[in-house]
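For reference, the structure discussed in these notes is given below.
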C-alpha cells in the first residue's frame, strides 16, 4: 500500500497501547506498522474515538517515542500467506518464517477467520487412537473434537502431548495427517523438547511450528493461536488434511489478554481477567470441527496450567465450558509415580459416546468404560473411608474394590512414555483388571 | 417522501458504536452501520449522540462512516415456513446462508427470514364482512404433517374484515385479507407479519398453570415437576449435564412446539442437535422432531451482541405459536452467556457496573424474559402456554454468583446440577436435596386424575428417606457405619434403591430415556412397598442382612429398563414377590 498514510502524532503510550492523534479514515482492527529506528513493529487498531486511534502493539512498545516514531496504517487486517509449503516450517507468532528459510508465499487469509455456520458442521464421530490406555479407554478423543489437558506447574503434560502427537492414528485407512503446534509463552527448552520428540517419531515433516516463546512479546501471544488456526483451517478445509492443533500453554495466552484489558482500563472480571474472556476463548476453541462437504478436520488439544491446581480458576473454568470435555492431571498420582497421571473421575470426553463401540472401536467398549469407571470410583471411596476409619471397618467386598483401584492405577493407567497400546490391548487389559473383582 | 435519517460514526469500540447527527432517534431503533450496512440497534440516546450495539463483526468500521436509521424496532418475521428453520440471533436462515455463502458466516450477509416465493395452501376460517380483532384466527395452513399453522390478524390491528381470499395457494407476502381499521384506513393482511422482539405479544388473560409439562425424566416429572406455562432454571458447572438434560427435554416433552435457543454455546453441540432432530421421531405423532421445532443457533464464537437478540427472537417466535393455541416449550442454553453479553455491552457503553461487573438491570432483564412464560387465554380465546427453561453456567460451579441468584428470584423450578453426582456418573445429576419445584400443588390434581392419587404421598415419602440418608451419611463419615442401627441401615438401603431405580436414568438407552409417568409411578410404588415391608421386618427383628441377600433392590432397578407395559406387569409381580419372600424370613429371637 503505497498511498497509505504515515503519522508522527503518537500522544501517549501505556503498556502495549499507543494512542495516535489526528488520524483519518482509520478502520477498526486495521494492521498498523510502527517504525522504531530501523525496525518495524506491528500493531492493531483496537478503538477509534473521533480522530484518535488506539493501537495495541503486538511486539512490545519499548523504544517507541512520542512525537518521533512513525505510524503507518496499512488499510488491511492482519493476514498471513498460507500454502502447503508451510508444512515442516517454523513461524513466529505473526506467521513469519523464523527457520532461516524463505518466507511462505501463498494466498492470504485473515488470522481471525470467521465462525463456521452451525448448519454446515458435521458431528465428530471417528475415534483417534492415542495408544494411551486411560485416554483411549475412558476419555476417547474424537476427530473434530476439542479436548484440553488441564495440567499444573511441574506436571508432565509435555510428555503426554508429545506421546499423543507421536502415536495418534485413525483406525480406518490412513489419510493425510498434519500437526500444528503453537507454543504460547513456553521456554526454549520445552519447544526443543517437542521438536526432538516429533523428529524421533518421524513426523517433523508433517508439523508446522508456530513459536511464541517466553522471551517473545507477550502481546504477540494473542495473535499466535489465531495464526496457528488459520494455517490449520487452510490445511483442513482447502487441502483435506486431518489436523491436530496443540496449543500450549493457554494460561499464558489468558495472561496476555488480561494485560491488554487492564491497560485499556476495562472493568475487570473474576481475578482481573476481562469479562469477555469466555467469548474471546470461544473464537479460538470453536475453530475446530468438521465441515460438511470437506474432507479434512481440525482436532484441538489446548494445554493449560491450572494456577494452584484449582479447576475453578477462570482459565480452566471458561475453557471447560467451551471444550468438549477435559483431561485433568493429578498431582497425587504423579507423586505416586503413575504416568500419565490422569485424574479419571474429573476427566471426561463428551463426544466419546459417538465415536466408540461397534464400527469404531469394539462393541464392548462402552460397557468396559462404565464398569472400570464405577469400580474405580467405588475403590477410591472405600480407600478414603479406610484411611479415616481404619481398614478393619471395610467389608471384604469393599477391600476388593480398594485392591482393584490400586491395580487399575498401576496396570491400566500406568504405562511407558514409549509404550503404545492398541485399543484392543487397552480393552483386554481393562477386562483383566476388572477380573480382580468377584 | 420521507427523508433519509442518517448520522456519522464518532467512536468504535468492539461491537459498540457511537454515532451523532441522526435526527430524532428512537430507542431500540434498527440502524445500518457503515458501508457494509451492518445491523445495529440504538440502545442509548444522549443529546445528538446515540450508542449502537452492532450485531455483526465490526472489523473495518471507521469514524465518519454513515449510519442509517430505519425507523422501526428490531423485529421478527412470523408466518408459515418458520418451523424446521435454523436461525442465527438476527433471524437469518442459516441453511439458506450456507447455500450461497459457504461454510462460514461473515458480516454483511443478508437473506430473507421467511421464504417469500413458496406458496402455501391457505384455508380461510372466517367470513367477511365481520368484525375482527388482533390475534384472531382467520385461516390455516398445514405447514407440515405435524403442525397446523394458524394465520392470525396481527395483534396490533383491529377493525372490520372487508375481504378474505378463498381457499388456495398463496405466498407469505400475498394479501389474504383486507381490514378497515377503526381509524378508517385499509390494512392489507398477509400470512406473515412482523413483531418487535423486545415487546411481549399481548394475550387476553393469564391462567393458573395446572398441567405438567411431561419430560419423561423421572427426577423432573416425579420429584421437581414443571408445568405447561412454567419457568425453570438448570444451573450447573461444566460437565454436569445441563445441555444433555435440556436436549433430552426438548426431544421428549409433550409440548406441541419446541423452540431451542443455543445462545453462546458449542457449535458441535448444535450440529449434534440438528442431526438428532432430523432423525428422531416425535413419540406421539411419529413425525421427525424437526417439524415441530425452530432452532436459534448463535454459537459462542458468533458476534456477542447477536447473543442478546437470540433470546428475544426465540421467545417472540414461541409466543407466536402460543397465540395460535399451542403448548410451547422454549429452551435457552445458556442464559449466562446472554448475561455476559449484557455485561460486555454495558461495559463498552461505560455504564456503572453492578455486582461482578454485570449491569444493574440484569435482574430486571432476566425477569422480563422469564415473565413472558405463562399459560394464557389468547386473544382468539384459545388456551396456549409457553414454558421457559434456561440453563445457567455459573463460574466455577458457584451458585452464589449473580446470574444464578437473580434467575432463582424469578423462576419457579430449580434443578440444581451437582458435579459430585456427575463424577459418580449419576445422571441426570440433579441434586434432590437442593432442587425444588413450586408447582407441586398445581399439578397434584392432574396426577390424581390421570395417573394415581398416591403421587404426592409417594413423593414425600421418597424425599424424606433421601433427606434421612443425607443425615445418616454425615454420621457415617464421622464415626463409621458401625454406629448405625439396623433400621438406619435399612433406610440407607431404601435410599440407594430410590437413587438407582428412580432418580438415575440413562439418556442414551432407548428404553430408559423416556419414562412415561405411569411407569415412573409404578417404580415408585414398588420402592415404597419395599420400604414398608423392609421396615416392618426390621421391627420384627428380622436381620437386615437376610433381606438384603434377597437382592430385591437389584430387581427393582431392572424395572426402569423395561418398556411401559412390561414394567407395569413386572412391578405387580415384584410386589407379590417382596411380600412372600420377606415374610418367609425367620426373625431373630432375643434371649
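Worth a mention:
- Each listed q (0.16, 0.18, 0.23 Å⁻¹) maps to a log10 I(q)/I(0) for the range B:391-471, found by the Debye formula over equal Cα scatterers with no solvent: -0.79, -0.94, -1.17.
- Across peptide A:22-35, the mean count of Cβ atoms from other chains lying within 10 Å of each residue's own Cβ comes to 3.
- From least to most packed, judged by other beta carbons within 10 angstrom and beginning with the fewest, A:198, B:246, B:484, A:171 follow the order A:171, B:484, A:198, B:246.
- Taking A:39, A:107, A:425 as the candidate residues, the one with maximal mean-square fluctuation in a Gaussian network model of chain A, Cα springs under 10 Å, is A:39.
- The mean sequence distance of close C-alpha pairs (under 8 Å, at least 6 residues apart), as a share of the length of the range B:455-584, puts its relative contact order at 29 percent.
- Estimated 222 nm signal from helices in chain A, with DSSP H stretches of n ≥ 4 weighted -39500 (n - 2.57), rounded to 500: -9500 deg cm²/dmol
- By the count of other C-beta atoms within 10 Å, a proxy for reagent exposure, A:331, A:89 are ordered fewest to most as A:331, A:89.
- The range B:327-427 - share of DSSP beta bridges that are antiparallel (%, nearest 5): 45 percent
- DSSP bridge orientation in the protein assembly as shown - percent antiparallel, rounded to nearest 5: 65 percent
- The orientation-averaged projected area of the convex hull spanned by the Cα atoms of the range B:175-282 comes to 10.9 nm².
- Counting only alpha carbon atoms, the long axis of helix B:335-348 and the longest principal axis of chain B meet at about 40°.
- Gyration tensor verdict on the range A:80-355 (Cα atoms; rounded if a/c is under 1.5, prolate if a/b is larger than b/c, oblate otherwise): rounded
- Where only C-alpha atoms are counted, convex hull volume of the range B:102-218 per residue in Å³: 219 Å³
- Its alpha carbons considered, the range A:71-179 gives a radius of gyration followed by a Dmax of 18.1, 55 Å.
- Taking N as the residue count of chain B, its C-alpha radius of gyration divided by 2.2 N^0.38 Å amounts to 1.11.
- Cα-based shape type of the range B:205-438, given that a ≥ b ≥ c are square roots of the gyration tensor eigenvalues and the cut on a/c is 1.5: rounded
- Distance (nanometres) between label positions extended 7 Å along Cα→Cβ at residue A:371 and residue A:238: 5.0 nm
- For the range A:6-76: relative contact order, % (alpha-carbon pairs under 8 angstrom, 6 or more apart): 42 percent
- Counting Cβ atoms of other protein chains within 10 Å of each residue's Cβ and taking the mean over peptide B:357-369 gives 1.
- Cα extents of the range B:455-584 along the three principal axes, largest first (Å): 42, 33, 26
- Longest to shortest principal axis, alpha-carbon extents of the range A:365-434, angstrom: 40, 26, 14
- Distance histogram in 5 Å bins (all Cα pairs of the range A:303-438, percent per bin): 2, 9, 15, 19, 20, 17, 11, 5, 1, 0
- Crossing angle, helix B:517-539 versus chain B [Cα axis fit, 0-90 degrees, rounded to tens]: 30 degrees
- The range A:7-144 gives an Rg/Rh value of 1.14, both radii derived from C-alpha positions and Rh following Kirkwood.
- Degrees separating the helix A:157-167 axis from the principal Cα axis of chain A, which is the longest one: 80 degrees
- Cα shape, the protein assembly as shown, gyration tensor, a/c 1.5 rule: oblate
- Percent of beta bridges antiparallel (DSSP, chain B, rounded to nearest 5): 70 percent
- Highest-fluctuation residue, A:124, A:115, A:316 considered, GNM on chain A with Cα pairs under 10 Å: A:115
- The calculated FRET efficiency for residue B:483 paired with residue B:205, based on their beta-carbon distance and R0 = 45 Å, is about 0.20.
- The range B:244-312: Cα Rg divided by the 2.2 N^0.38 Å rule of thumb: 1.13
- Relative contact order [Cα under 8 Å, 6+ residues apart], the range A:80-355, whole percent: 27 percent
- The range B:343-391-the range A:56-71 distance, computed between alpha-carbon centres (Å): 45 Å
- Least to most buried among B:389, A:250 (fewest other Cβ within 10 Å first): A:250, B:389
None of the figures in this text is laboratory data; all of them are computed from the coordinates on show. Remember, it's a predicted structure, so these values are computed and weren't measured experimentally. Glycine gets a Cβ as well: all are built from the backbone with ideal geometry, and neighbour counts include every protein chain shown.
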